[in-house]
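Participant: So that we are looking at the same thing, I have put the structure below in C-alpha cells.
Taken together, the values in this text are just the output of simple stated rules run on the coordinates, not laboratory data. Model, not experiment: these values are computed from the prediction. Don't worry about glycine lacking a Cβ; one is built from the backbone with ideal geometry, like all the others, and counts go over all protein chains shown.
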Amino acid sequence: MEKLTVCPATTDDEKETIALWQMCGLAVDYNDLSADFCFACGKENSDVLLGINEQKRIVGTVMVGHDGHRGWIYYVAVDPCLSSSEYRPLHDGSSRTMAA
C-alpha cells in the first residue's frame, strides 16, 4: 500500500484541488469552487486538507470547519482513477482523522 500524507492545502494547491473536485463530480453551477477553496483554506475555523501520494499528487481532499457549535465536512474527494485498495485508510475513516 502506498504511503499517503495528509496536510493542509496552500494557495499553490488550488488548481490541482479544483481539478480533482471536478473529476469527482463535486462541481455544480451555483458554487464557485475557487471561492470555496479560498474561503476555507487556512482559516482559524476551517481548512482544506489534502491526501498526497508518494509522487506528490493530490489524490484526496476534505474541506473541514466549525462555527463554534457545529462542525462540517465538504468536498470529500478521492481520485476515481485509484483502485479502492490503494488508499484504503483514506476510505476507511481517515476523514475522522483529517477532521479531528
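Participant: Convert each backbone phi in the stretch 52-66 into a coupling constant with the Karplus relation 6.51 cos²θ - 1.76 cosθ + 1.60 (shift: θ = phi - 60°), then list the ³J(HN,Hα) values in order as whole Hz, x for Gly and Pro.
Facilitator: 10, 7, 5, 8, 6, 9, 6, 10, x, 9, 8, 9, 10, x, 8
Participant: Here is a further query. So, by mean Cβ neighbours within 10 angstrom, what's the order for 29-38, 60-69 with the highest one leading?
Facilitator: Going from most to least packed, we get 60-69, 29-38.
Participant: In Å and on Cα atoms, what radius of gyration and Dmax does the stretch 1-67 show?
Facilitator: For the stretch 1-67, the Cα-based Rg and Dmax read 12.0, 38 Å.
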